[in-house]
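Asks: Sharing a structure here in structure tokens format.
The values are calculated or read from the model by the stated rules, or taken from the named source; none is laboratory data. Here the structure is a predicted model, which means the values were calculated and not measured. Every residue, glycine among them, receives a Cβ derived from its backbone with ideal geometry; neighbour counts consider all protein chains shown. Areas reflect the complete protein model, heavy atoms only, side chains present, ligands, DNA and RNA absent. Shrake-Rupley method; radii C 1.70, N 1.55, O 1.52, S 1.80 Å.
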Amino acid sequence: MTQRTDKALRLEILDDGIAMVTFDVPGEPQNTLKDAFAGEFEALFRRIRDDDDIEGAVFISGKPDSFLAGADFDMLKGCKTAREAEALSRTGQQAFRALAALNIPVVAAIHGPCLGGGVELALACTSRICTDDPKTVLGMPEMMLGLLPGAGGTQRLPRLIGIANALDLLLTGRQVRGRKALKLGLVDDVVPRPILETAAVERAKLLAARQRAGKREGRRRRVALDAAGLQELALERTGPGRKLLFRQARKALSKKTRGNYPAGERIIDAVEVGFDKGIEAGFDAEARGFGELVVSDQARQLIGIYFAQNALKKDSGVDDPGVEPRPVRRVGILGAGLMGSGIAYVTTTRAGIPCRLKDKDDAGVLAGLKAVRKIHDKRVKRGSISRTEADRLYYQVTGSIDYRGFEQCDLVVEAVFENLALKHQVLRDIESLTGPETIFASNTSSIPISRLAEASSRPETVIGMHYFSPVEKMPLLEIITTGQTADWVTATCVALGKEQGKTVIVVRDGPGFYTTRILAAFMNEAARILTEGVPIEDIDEALKNWGFPVGPIILMDEVGIDVAEKVGKVMIDAFGQDMAPPPAMTRLVADNRKGRKNKKGFYTYGSGKKKVDRSVYRVLGIKPDRRMDPVTIAERCAWRFANEAVKCLGEGVLRCARDGDIGAIFGLGFPPFRGGPFRYIDDVGAENAVAQLEGHAATLGDRFRPAPLLAEMARDNRRFHP
Ligand code: NAI
């Protein structure tokens, strides 16, 4: 008997008394939770409860490759007050409590992403089974959106997998695949996709039989724990043990977020209240926390970023909607160094495209292959993939010291040394070997792509693909087009970048493109503050408190002081003295200080805790005895950053403010809760931003003069985002 409706939930009762509930939101590519479904859920549960013939149920998705992606954001956007949002959370809690209270076993059969509210629904079921398909991931990303799971997740998750494991998932937003979920006890079984439904039905039957036999404890089985797991659990079971655990969690969180993300604090609060005062009090704390967070500035900005990312996923990178990306069947990579090996990894593993990796000698090739292997090994160790799968992916990269195999490549990325003559040479080599439609993409971080294209006989196929280090971790890809780059070339590279798992922005060529240019302005200001006598720790701490993941001075060590100097020269040539570093900085390179790579820079690189290498002050000829207000330090750097971003938009380097925000956040670590430089200016107000910049310009110099576009926006009282 099937009840067919145009609603989100479908109920079918199988012959053996198992109710098959299919969640399938009509007309949408994936399932999300809306408050409008509450009535439907309620009616369904009533129907199941009232039918004595139903002995068990399976909850499955009607979408081909997605279980449940979480709450519907439009619903959240609609909340104007904390009370409204709190009520929404209570509605969700109520629906899932009704599910958890059913008198029959319910099995969640999960295939595809199961996120946020999806996990909360699965947690309210008696048991969970998921597929071993790579598309299946489970996670609670609410924290990354400035929220907390508001439908019982903060209560049920720690009760199922333990407090420490739950806090880890809740506070990092980390997504886990089937095998890892099984290990954590988040699911009870992992099966191949084709037998998911059968396995879930069988499990529901088994649990029903157990229940009939009076073994109700079978409803909630714990995973078998190893010794360490048992020890952890023992700690979690005592009041003082838990206190210690929560204290440690709060400490670790505040070290990471510096109070900038209230969501993390509310998550820990809700979990702790649930254990201290009982689950009812926990639900209450969860709902109140949810209400407060939904209307917070942080959540508004973070949800804004989420929408921007989604919009970018649909953006082909070119304005003409008629342009289609061409297929990329084989990728060639020149230079098997830090960047080349990372690019080979994301191309084979994420995009599923085989790669040919060339270096100038055997040692280079071997080092590159080893680096790829190392990334796979880490994932095998973490339990994310099997050894067999890792081996299969690894063999998709082949090494070479000559150009054999390159003639078949549809796209070649060069990541050889940052040297124009060398890059010209390899470009000519590739063009002489390949057909007219092979794309030549450069990963240069500072050489203008048009300069590179000067050596090309077909400049329409030359483009920049600027990846960030480490490639397998950093989410951004900045694609750089020259006036001559063909639209199909851009669209093809954008499509490839997305397949490599990247968030892709397309910018117009210019010195430093977008990201390197704004980073240069930011670092330039930090260097000036340093040479004014402010201690290095104070500068780095000030920017970390403001929300950057690392401070600008330590970042200079990471990037390489020699590299920063080289880029600095390109910037001075293009933008004049505003970008000139303080003269003392040149002494660092003369002192052979390159940063982390030669263990000699602003910080020490021996064993033990990283400290400032105080001898650097002597080299710079400064006494670090000046105290500067941390907010002043941070804002001086941040204003240079944001003002330069506006210049890029005004000059047409950026296609839109959205791309500027995304590039700054995902490429350079601009604080996400501030929304990116353009959203930050919108929040401050253009007029106010101009006033602050003018104020700095009056005391510190012309480098703070507001970008012409900003002055215009202030005059017309306009915003970058609606
Ligand atoms: P790297 O020094 O680690 O690797 C460069 C590799 O190119 C070396 O293995 C070298 O042996 C090889 N090579 C040199 N001449 C070659 C030739 N004729 N044919 C084939 N291979 C050759 O350098 P890294 O860091 O990987 O940088 C490569 C490029 O990526 C540079 O243009 C750099 O500016 C850019 N880049 C670097 C970033 C970073 O954080 N390291 C970030 C973004 C871009």
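Asks: Would you check if VAL426 is at pLDDT 95 or above and part of a loop (DSSP other than H, G, I, E, B)?
Replies: Details: at pLDDT 95 or above: yes; part of a loop (DSSP other than H, G, I, E, B): no.
It is false that VAL426 is at pLDDT 95 or above and part of a loop (DSSP other than H, G, I, E, B).
Asks: Residues GLY621, GLY608: which one is touching a helix residue (DSSP H, G or I) at 6+ places or on another chain (Cβ under 7 Å) and either of a type in the set (Gly, Ala, Ser) or open to solvent by less than 80 Å² (accessible area, probe 1.4 Å) (or both)?
Replies: On the way: GLY608 fails: touching a helix residue (DSSP H, G or I) at 6+ places or on another chain (Cβ under 7 Å).
The conditions single out GLY621.
Asks: Could you identify the single residue in ALA95, ALA108 that is crowded, with 19+ Cβ neighbours inside 10 Å, modelled with pLDDT of 95 or more and small (Gly, Ala, Ser)?
Replies: Details: ALA95 fails: modelled with pLDDT of 95 or more.
That would be ALA108, the only listed residue that is crowded, with 19+ Cβ neighbours inside 10 Å, modelled with pLDDT of 95 or more and small (Gly, Ala, Ser).
Asks: Quick check, is ILE305 of a type in the set (Val, Ile, Thr) and within 30 Å of ARG679 (Cα to Cα)? Break it down into steps so the answer makes sense when it comes.
Replies: Numbers: of a type in the set (Val, Ile, Thr): yes; within 30 Å of ARG679 (Cα to Cα): yes.
Answer is yes for this residue.
Asks: Checking the structure you have, find out if any residue of region 362-374 is within 12 Å of the ligand (Cβ to nearest atom), in contact with a Lys or Arg (Cβ under 7 Å, 6 or more places away or on another chain) and of a type in the set (Asp, Glu).
Replies: Within region 362-374, not a single residue is within 12 Å of the ligand (Cβ to nearest atom), in contact with a Lys or Arg (Cβ under 7 Å, 6 or more places away or on another chain) and of a type in the set (Asp, Glu).
Asks: Just name the residue that is most open to solvent (accessible area, probe 1.4 Å) out of those in region 428-446 that are closer than 24 Å to GLN500 by Cα and within 11 Å of the ligand (Cβ to nearest atom).
Replies: The extreme case among them is SER445.
Asks: Can you tell me which of ILE518, ILE539 is more than 30 Å from PRO436 (Cβ to Cβ), within 21 Å of the chain's Cα centre (by Cα) and crowded, with 19+ Cβ neighbours inside 10 Å? Full working, then the answer.
Replies: Values: ILE539 fails: within 21 Å of the chain's Cα centre (by Cα).
When all the criteria are applied, what remains is ILE518.
Asks: Hey, another quick one. Only one of these conditions is not met by VAL570: (1) touching a helix residue (DSSP H, G or I) at 6+ places or on another chain (Cβ under 7 Å); (2) within 22 Å of LEU668 (Cβ to Cβ). Which number is it?
Replies: Status for VAL570: all satisfied but (1).
Asks: If you check ARG528 against the conditions, is it open to solvent by 20 Å² or more (accessible area, probe 1.4 Å), of a type in the set (D, E, K, R) and either in contact (Cβ under 8 Å) with a residue 12 or more places away in the chain or closer than 28 Å to GLU651 by Cα (or both)?
Replies: Yes: the conditions hold for ARG528.
Asks: Report the residue count in region 664-694 for those that are in contact (Cβ under 8 Å) with a residue 40 or more places away in the chain and outside any helix (DSSP H, G or I). Spell out the reasoning first.
Replies: Step one: filter region 664-694 for residues in contact (Cβ under 8 Å) with a residue 40 or more places away in the chain, giving 664-680, 683, 689, 692-693.
Now restrict to residues that are outside any helix (DSSP H, G or I): 669-671, 675-676.
Summing the residues that are in contact (Cβ under 8 Å) with a residue 40 or more places away in the chain and outside any helix (DSSP H, G or I) in region 664-694 gives 5.
Asks: Taking interchain pairs and intrachain pairs at least six residues apart, which have beta carbon atoms under 7 angstrom, with the first residue in region 327-339 and farther than 9 Å from VAL413 by Cβ and the second of a type in the set (S, T, N, Q) and more than 9 Å from the ligand (Cβ to nearest atom)?
Replies: As it stands, the answer is VAL328/THR492; ARG330/GLN408, since those pairs meet every condition given.
Asks: For ILE385, are the conditions met, namely being under 21 Å from TYR514 (Cβ atoms), in the same structural domain as GLY335 (by TED's automatic domain parsing), modelled with pLDDT under 95 and not small (Gly, Ala, Ser)? Reasoning before the result, please.
Replies: Values: under 21 Å from TYR514 (Cβ atoms): no; in the same structural domain as GLY335 (by TED's automatic domain parsing): yes; modelled with pLDDT under 95: yes; not small (Gly, Ala, Ser): yes.
So ILE385 does not fit the description; no.
Asks: OK, next. With respect to the numbered conditions (1) touching a Ser or Thr at 6+ places or on another chain (Cβ under 8 Å); (2) aliphatic (A, V, I, L, M); (3) farther than 27 Å from THR481 by Cα; (4) not in a loop (DSSP other than H, G, I, E, B), which one is the sole condition not fulfilled by ILE622?
Replies: (4)
Asks: Are any residues in region 123-154 outside any loop (DSSP other than H, G, I, E, B), under 19 Å from ALA270 (Cβ atoms) and more than 19 Å from the chain's Cα centre (by Cα), and if so, which ones? Walk me through it before giving the result.
Replies: If we filter region 123-154 for residues that are outside any loop (DSSP other than H, G, I, E, B), which is where we start, we get 123-124, 127-131, 138-139, 141-145, 153-154.
Next, only the ones that are under 19 Å from ALA270 (Cβ atoms) stay: 123-124, 139, 141-145, 153-154.
If the condition is that a residue be outside any loop (DSSP other than H, G, I, E, B), under 19 Å from ALA270 (Cβ atoms) and more than 19 Å from the chain's Cα centre (by Cα), then LEU123, ALA124, GLY153, THR154 are the ones that fit.
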